[in-house]
Structure formats: structure tokens, C-alpha cells
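S.K.: Please find one structure pasted underneath; my questions will follow.
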Amino acid sequence: MFSTIDRFPFVPYTIQLPHRSRFGLGHFSYFYHARDADCVKGQTENRRKHTMSTSHSFENPAFSGASDENLPDQKKSPYYLASPGSSHSSKMSTRSLYCAALTGIIVFALGLGLGFLIGYFAYKAPGEGTSATGNSASNSATMNGATTPSGSTRPPTTQSTRPPTSACNGVCKEELKCPQSAPITQSESSSSRGIFEMVTASEMEEVYEFMVQQGLVDQRPSSGSPSLQNTYIYSISLYLPNKDEAISHLDEGLASPGRYADVHVHRGNRNVADIMEYRVGPLGGAMTATALYNDGELPYNSRPRDGIEWDGITEQVTLAMSILRPLLMESFDGAYYPEGGMTFHPQAPPGLLPEERETRFVMALLVDGTARGRDLHPLPLTGTVRNPGTDKSQWYSYNFYYLNQGPFRTAEELLEAFQNGTIRKFAMPRGHRQTLFETTFPKQDGNKPRDMSNKAPPRTYEPAGRRYTVHDHTVKWMDWEFTVFGSQLRGPGVMNVQFKGERIVYENSLNDVGLIYASDVSSGANTVYMDATFGLGEWQNVIIGVDCPEHATLLDAAWWNMGAQRSVSAKAICIFEMDGQEAIWRRKDRFAAGLRNTYLVARFPMSVGNYDYTIDFRFYLDGRMQSTGMASGFIQASFWDQGNPHAGNDKTTDPFGYRVSEYTHGALHDHTFGFKVDLDILGKKNKFEVIHWKAGNVLDALKTQNNNITLKPPYYLYNETRFVEWETLATEAGLKLSYANPKIWTVVNEEHKNKWGVPRGYRIAPMSAYGQVVPDSHPAMGALSFTKYQCAVTKRKEDERFITGSYDQNRMANPTGSLERMLDGENIVNEDLITWVSVGFIHVPTSEDVPMTARVETGFWLKPWNYFDTTAVFDVPQYVDTMDHSITERPPAPTDCYQPVKENCYFCN
Ligand SMILES: [Cu+2]
């Protein structure tokens, strides 16, 4: 799932794109770092050099999308592209010029005449339309209201739908541009930023300088990365303020608690190396650093794997593979390591105890142009590097397997067995590696383009400019207000979510993503990932036009690159208003009415190892909020061994999934997203109600609220009915969903009731009911105990910050942060509650996962539950038509303005 190569700052990486590629590129190389936005700039220089010699359409200046010749098309559609040939120049003879001029005059004259005719009829049309509108009611009545009346024209609107274009004749483009939006505003200093504002890149540098000054970390080397014997910063995030202080500041105007950085440090330069976390701040003030653990409390060997350790592992793999070179070349189509078309992937966990450090690795084939195409092409050759502590001279590799045969204590022993024929062999056919780019690199297969797929697809635009404001990372839209937040390790979130002036959510943030793999290979058989260990917030620039609409507002987020010991900032977050192109409500009755669904999205697309996650927080007009996690990218596959004695008879499956490509098996796994959801319904004192959706006999139903009832009333025709029963959770608990036993989960405030006397609340509704099936005896289930419950309710505590421990990936047998430890029986009635929401999906990869897993999505809703007195959308303009025309309402109509198409090129800026 993850890769620490992504943390390694400047891995020299040679890319060899075949000459047959439609990019038309030969060989080039550059420093690659999949998550390092700074390095993207480095790549840019190289990219520019080679794109100069290409004919890729994005480099075609005629593709600017802003030529006057296209004005008539602009009027039809707000988006357009100029013809790629519009700037084409050619030599013409005088005669040709004369002919062309004459033709032009004739065409112009004809066009003028045609224009008059069209203008005449266009002018006449409104009068006819008016009478059609008059007919529409009768049409509708005639048709019994079954269909939309035909022949109607535009109803009265609050603003003109057509800008004055007639006088322009193609030269007034500026007048047609959509209205400018108000600028995004930013605070000028650290001290003026809101208390939930993420640590900026420059603040991270200040934190680094301060810690160097204090002797808490080493100065960064003048070139390259620190060594294992250094003490260096692994990550920096905002240390969220004490909640009581934050609320007092926000609600009562008391002093700000200040902003502090949460700094994780790998301390290799101590006598007993360890890891440490510091709380450093206040940012922009007189900073202090507070160590949050005792020296030695967090064992060094439980630290997250970083690029420096990766470097050391690479040395061991290089040594072993040089010994095994004859085996490699004979087995794997002539590939060898290093630099012979082969790479490796280190897996997790590296042992189960904090004192252990052993890294299993699997060799894999490199795929041109990719860092992680290798995950689709693992090889049946694995080993283990024993790599504890800071002294790399003590590290060694052992326990080699070839086609699941082993373990061989050393590389030499494996080679000997291979050469003397005592083990089963495998030989990839010659030329196989030359097919990998075609099967793995995700680009269009140009052989048979889908019909009409070369036409531009629909796009949305903002006809009135942005309808939201952004200050730093605080967004206001349609009575919603929230601060976008993210942590380098824990990932995206939103803080202080308010609707119509009332705080509903104090915090809603992703905390971890857990994956447990299963496969019949000597490496992937035991893989477990806890992605927060590696970082769910190593932000990168979004891919504009893919991740978000072109009109999205992009916000910065920063993280600390441990390899470079520098901060990295990226345009990582999209904010945009979405046209749902559907009804949020509708009613066709004796009236026709409804409201088109528009909602606001705060989106965080990111790469986490082989996978790409996109986390969304969506806000709806009716007070609902949705949080989703979407997975895409390369699967982490296993080697498909046709001769595996454990495979089924048909040789297409084994107990862990399908063969999905030539030598690729789609190892089954799950993804569980764990969110920390701190609902505050009209204050902190809330209770958690489980509403049981039941069925049974009528008397039992009635007795749930009045036990004195003894007879079933006669108006119940049947003995059986359905009913609901309310249960207030008294103490902390982990809850599971079941399709056979439906339940509704709500957080309510019994002190605050709606107009009808019902306590106001919000419902937590997971979008899926996937449950963990792995038994408690599995070594991961302590650290990943959150995956067992779709919702766990605890009393909020400042020291129960996250759903998992930061180091438990590497100490699963003795985790520090198991969610189940928080479930220790405390009272949760009228307390400040945390609901830990876990949503996930199982993933049995199929052939459609190659080369790319396409959108697998899950999430949960937060929905008002008797929170409002009525449907909470009627304070915005609706669409309403009555048969007698007594009520006609419309939302503001869009204008036919256009937003210029931006050229998108990820590596061009
Ligand atoms: Cu998956």
C-alpha cells in the first residue's frame, strides 16, 4: 500500500519510454519522488527539455482555447477548444489569395443576409413563446399532468439570461466572460491565523530552525539526506488545541490557545536511539518545545520506515541480488538488479514487536515511466533484511524464497539449489518485459477509439462566479462554515463545521486506513498496512481537470520531507461547488416544483504508495454532510505461479483471488477508513441513541412505550408489524452494522428540542456495512481493532487523540493506540462524545483492476435528525410552477458567459 521510496527525496531513476510511445520520447532520466511536490519543479525542467521536441497536443499553441474565431461556438457552450489547426500558416499564391478574398466576401454577404433572417425570427420568437406558455397549463391538464408540458419558453427570471452580444460580432469576448469572483484572502502572519490552520511551509522551516537551535535535531546536511546516526524530523503537523480552550476562544472570545506544531523526530544520535514527539509553539510567538514522551519510551525500531532506512535495505538487496544474478537472468527474462529492469518492494509489518526490525522484500519488474507499476509485476523471489538499530554494518539478508521454496538461509544457498536442480524453476519467456509498458502504463489504447470519445465531454462552469468565500482554509458557503484541515500522517479533515450559525461538528478527520492482505506468496502472505504510519498527508498538486473541475479553488497544504529536511507545499486541496444535475427534492403534483442539487466539496486527492486515495467532505443545502474515501491506482499484486501446487484445478484461482494478468495474481485485501468524528450538537453535552429497527407482534411494539397495554387494538388487522425502539447508550461501546438487524445511530442533545419537542440531533449513516471478518487472534487485530466496529463511541479525552497509535504498524503485538483500549466502560450520557466511524470495502481484484483500479468508494453521512423544524432548504430560491400561475419561483438563471479553458499540464508549471 505504501512505499517508503516515496519518502526518499531524490532517488535517481531512469525512465525509458519506448520509441513507439505516442509521446515520441526516447530515453531520459530525472530525479523521481512520487510525493515530493518540490521535486516536481525539478522534474519540470527536464520535462520541458523533452517536450520541446514532441508534438503532444498540450504543447500546441493553437490549443489555447481563446481564439476569436470560435465566438459563435462560445455562445452555444461556455466551454470550447479552438481548432488545433487555427494557427496553421501556409504559403499561398497571389491567385489563391485573390480567390480566397472573393470567396470570403461572398460568404460574408451570405452570412449577413442569413444573420438578418435569423435575427428577425429570433426577435419574433418571444411573442410566440408567450402564447405557448399560456398553452402549457392546458397542455399539462390535457395530459393529466403526466409529462412536462411542451412548447413552453423561458419563464420570468430574476436576471437576464442572455448578455448583449448582437453588437459584438466576435470582438467582445471580455464582455462574455463569467463574473470575476472575490479574491481568496490570506492572513499576513502566523499569529493572525485561525486556531485550526495547518502549519504552513514557512512555519515548518521556523520550527526546524528553532529545533536545531535548541539542539533537538541535527542541522540538515549540506547535500543529500541525513544518516541513521542523525536526529532528524520525520513529520510536522498542527497539534490541535485543547478543545475547551478552543471553544472558549471561538465562542466566548477568550484568548487564543495558540497554534502548535506536532513534530515527530527520529533520534539516531542518542546512546540509545529512540523516537520522540514534541509540541512546539506557539507558531509566530516565543516558541518552546515540549517532549511528549520519556526518553527511550518509544523504541527506535518501531519508527515508521523512511527513505534513509530504505537506502540501507537497498544495499542489502543489492548484495544479495548480485549473488543471485544467474538465477535472476535465467528466470526473469534477462532482468537483474540493480539497474537491469528490476526493483524491489519492502513490505510491512517489519516484525510484530517494537524491538524487532525485519523487512521482507519482494523483487519486482520495473515498468518504464512508472514508480509503482512494479506492484503489478512482483516476482517469485523474496527475502528478509534484518535491519534493527542505526548500525548498518550489522544488517544482513536471509530467509530467501524462490517460487515459495525455502527458506534458504543465504543467497548462496538458494543459488546452489537453483543451479544443482533441487528446486522447481521458472523461466519467463524472452521478450516478456518488453510487453510491460503496454499492459501497465495507463494510457489510451489507440487501436479502436470509442465512438464519439474524441468529442469534448460536458463541463460545468460558474455563471455568477464563486458562491463561496475562502479565507486561509476557512470556507463559507450557503450558511455552512468550516476550516479545511490536514495532518501529514493522519490525513485530511474539517474542523469547526457550522451550519446556520450552529456548530455541528467540532472535528471530522480521517485518522488511518487499514489493509490486511492475503495471498499464497512468500512475501504478500502476511502483509498488513496502517497507512497513517507512512503519511496520509504527503500532499501533492492535484491533477487539474481530473481530480476536480477546472473552476475549483486550489488551496495549499504543506508537509515535511524528511529526506531533504525541508518543507514542501502543494496545491493539494480543491474547493468547488458541484452541480449535482439532479433534484435534491422534487414534487410533481398539481404543481411542478423542486430544487436542483448543488453542494460544496472539499476534496483531497493523494497518492499513498501504490494506491491513490481521494477524500471528500461534501456539504449539502439541507444540512447533510458526507465524507467519502475513494481508492484508485495500482493494486499491490502477487506473482501468479502457474505451477503453484496450491492453485485450483482450473489454474485461474487460488484461495486468495484470481489470476488477473500474465504473471499477476490480485491478492485479496480490504481497505478500512477510520474517521474521528466529534459531533457537538448544540454544545458538548450529547448522548448517543441507537434506534433499533424491529419487527414483531403488535402488542410487543406497543409495550415498548407503555407496558400496561394488554390487548392488541382491533384496528390492527395483522398480528405482526414493524416498529422502532430507542436505546440510549450508557457506556462506551463499539457498534457493528448488520443488514439482518438494521439500526440507526444518532447523536442528540436532550436539552435542546425542536419545535415539536423532539431532541435535536444528527444521524451517522455509513454508506456500507462491511465488517471485519479477521478473527481477534490475528496479530493485526489489536492495532487495527477499529476495523471491527463501524462506529465506536467514547467519552472525549485530550489524550485519546487518534483511532490508532502512530507506531503500531511496527509493533502490532504490543500496540500503543488500540481503539479497544479506549472502550473502558465510561459513562457517555450527556458527555462530550467521539464517534470513531470506520467504513471500508473488501477488494478481490479482478482483471478490470489491471492496469488501474477504477473508483472504489465508501464513506458515511451525517444527516440532520429532528435538528430542524422543517426541511432545511426553503431559505434558498426554489423552482415552483402552479397550474394557475399563481406561484412562479425560480432560482437565479445562469448567464451564457464563458470561462476560458485552462491548459492542463501537470509538469509544466
Ligand atoms: Cu484495494
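S.K.: Does the stretch 515-578 come out rounded, prolate or oblate, given a ≥ b ≥ c as the square roots of the eigenvalues of its C-alpha gyration tensor, rounded meaning a/c under 1.5 and, failing that, prolate meaning a/b above b/c?
M.R.: It comes out oblate by the Cα gyration axes.
S.K.: Per residue of the stretch 564-581, in order, report the coupling 6.51 cos²θ - 1.76 cosθ + 1.60 (Karplus, θ = phi - 60°) as ³J(HN,Hα) in whole Hz, putting x for Gly and Pro.
M.R.: Result, ordered by residue: 8, 6, 9, 7, 10, 10, 9, 7, 10, 10, 9, 10, 7, 8, 9, 8, x, 6 Hz.
S.K.: Calculate, in nm to one decimal, what Phe591 and Thr469 gain on full extension: separation in residues at 0.36 nm each, minus their alpha carbon distance.
M.R.: Gain on extension, Phe591 to Thr469, equals 40.4 nm.
S.K.: Which order do peptides 576-586, 615-625 fall in by mean Cβ count within 10 Å, highest first?
M.R.: Taking the mean over residues of other Cβ atoms within 10 Å, the ranking is 615-625, 576-586.
S.K.: Could you do me a favour and compute the accessible area per residue for the stretch 742-827, 1.4 Å probe, result in Å²?
M.R.: With all protein chains present, the stretch 742-827 gives 39 Å² per residue.
S.K.: Among Ser838, Tyr715, Asn541, which residue has its Cα positioned farthest towards the positive end of the charge dipole of the stretch 471-865, with +1 placed on the Cβ of Lys and Arg, -1 on the Cβ of Asp and Glu, and the dipole taken about the Cα centre?
M.R.: It is Tyr715.
S.K.: Another question, if that's okay. For Cα pairs less than 8 Å apart in space and 6+ apart in sequence, what is the mean separation divided by the residue count of the stretch 621-701, i.e. the relative contact order in percent?
M.R.: Computed value for the stretch 621-701: 21 percent relative contact order.
S.K.: Here is a further query. Taking the simple approach of a point 7 Å from Cα along Cα-to-Cβ for both Arg430 and Asp579, what is their distance in nm?
M.R.: Between Arg430 and Asp579, the label points sit 5.9 nm apart.
S.K.: Based on the Kirkwood radius over alpha-carbon pairs, what value in µm²/s does the Stokes-Einstein equation return for the translational diffusion coefficient of the stretch 201-298 at 10 °C and 1.306 mPa s?
M.R.: Roughly 110 µm²/s, to the nearest whole number.
S.K.: Of Lys177/Lys500; Lys243/Lys476; Lys243/Lys500; Lys755/Lys797; Lys455/Lys588, which ones are farther than 27 Å apart at the Cα?
M.R.: Exceeds cut-off: Lys177/Lys500; Lys755/Lys797; Lys455/Lys588.
S.K.: Considering only protein heavy atoms and a 1.4 Å probe, what is the carbon-and-sulfur percentage of the accessible area of the stretch 307-440?
M.R.: Whole-percent figure for carbon plus sulfur exposure: 51.
S.K.: Next question. Please compute the per residue accessible area over the stretch 527-610 with all protein chains in place, 1.4 Å probe, rounded to a whole number of Å².
M.R.: Accessible surface, normalised per residue, equals 30 Å².
S.K.: Leaving ligands, DNA and RNA out of it, report the carbon-plus-sulfur percent of the accessible area of the stretch 201-298 at a 1.4 Å probe.
M.R.: Carbon and sulfur together cover 43 percent of it.
S.K.: Between the alpha-carbon centers of the stretch 548-620 and the stretch 677-752, tell me the distance in whole angstrom.
M.R.: Measuring centre to centre over Cα atoms gives 35 Å.
S.K.: Please report how far the C-alpha centroid of the stretch 790-810 lies from that of the stretch 631-662, rounded to the nearest whole angstrom.
M.R.: Here the two parts' Cα centres lie 35 Å apart.
S.K.: Computed on alpha carbon atoms, what radius of gyration and Dmax characterise the stretch 307-440, expressed in Å?
M.R.: That works out to 14.8, 45 Å for Rg and Dmax.
S.K.: If you don't mind, there's one more thing I want to ask. Could you order the peptides 881-892, 555-566 from most to least packed, using the average number of other C-beta atoms within 10 Å per residue?
M.R.: Output ranking for 881-892, 555-566: 555-566, 881-892.
S.K.: So, for the stretch 307-440, what is the accessible surface per residue at a probe of 1.4 Å, expressed in square angstrom?
M.R.: Using a 1.4 Å probe on heavy atoms only, each residue of the stretch 307-440 averages 37 Å².
S.K.: May I ask you to compute the full-extension gain from Glu252 to Glu358, defined as 0.36 nm times their residue separation minus their alpha-carbon distance, rounded to one decimal in nm?
M.R.: Between Glu252 and Glu358, full extension yields 32.9 nm more.
S.K.: Here's something else I'd like to know. Within the set of other residues whose C-beta is less than 14 Å from the C-beta of Lys797, count the net charge using Lys and Arg as +1 and Asp and Glu as -1.
M.R.: Once positives and negatives cancel, what remains is -4.
S.K.: Okay, next question. From the phi angles alone, apply the Karplus equation (6.51, -1.76, 1.60; θ = phi - 60°) to the stretch 196-210 and give each ³J(HN,Hα) in whole Hz, x where the residue is Gly or Pro.
M.R.: Running phi through 6.51 cos²θ - 1.76 cosθ + 1.60 with θ = phi - 60° gives 9, 5, 4, 5, 7, 4, 6, 5, 4, 5, 5, 4, 4, 4, 5 Hz.
S.K.: I need the phi-derived Karplus couplings for the stretch 646-652: 6.51 cos²θ - 1.76 cosθ + 1.60, θ = phi - 60°, integer Hz, Gly and Pro marked x.
M.R.: 8, 6, x, 4, 7, 6, 10
S.K.: Students often forget the sequence filter, so: which aspartates and glutamates lie under 14 Å Cα-Cα from Lys571 once same-chain residues fewer than 8 apart are removed?
M.R.: Asp36, Asp38, Asp472, Glu538, Asp547, Glu550, Asp556
S.K.: Gain in length, Arg821 to Arg409, computed as 0.36 nm per residue apart minus the alpha-carbon separation, to one decimal in nm?
M.R.: Result: 144.4 nm gained on full extension.
S.K.: On the accessible surface of the stretch 607-757, probed at 1.4 Å, how many percent belong to carbon and sulfur atoms?
M.R.: Reported share for carbon and sulfur atoms: 51 percent.
S.K.: Also, quick follow-up: Give the Kirkwood hydrodynamic radius (Å, one decimal) of the stretch 362-437, defined as one over the mean of 1/r across all pairs of different Cα atoms.
M.R.: 14.3
S.K.: Please work out the FRET efficiency for the pair Ser187 and Asn420, using the Cβ-Cβ distance as r and a Förster radius of 51 Å; give the result to the nearest 0.05.
M.R.: The formula returns an efficiency of 0.10 here.
S.K.: Percent relative contact order of the stretch 201-298, based on C-alpha pairs within less than 8 angstrom and at least six residues apart?
M.R.: It rounds to 23 percent for the stretch 201-298.
The values are calculated or read from the model by the stated rules, or taken from the named source; none is laboratory data. For clarity, every value in this text was computed on a predicted model and none was experimentally measured. With ideal geometry, Cβ positions are generated from the backbone for all residues, glycine too; neighbour counts draw on all protein chains shown. For accessibility, only protein heavy atoms count, side chains too; no ligands or nucleic acids. Shrake-Rupley method; radii C 1.70, N 1.55, O 1.52, S 1.80 Å.
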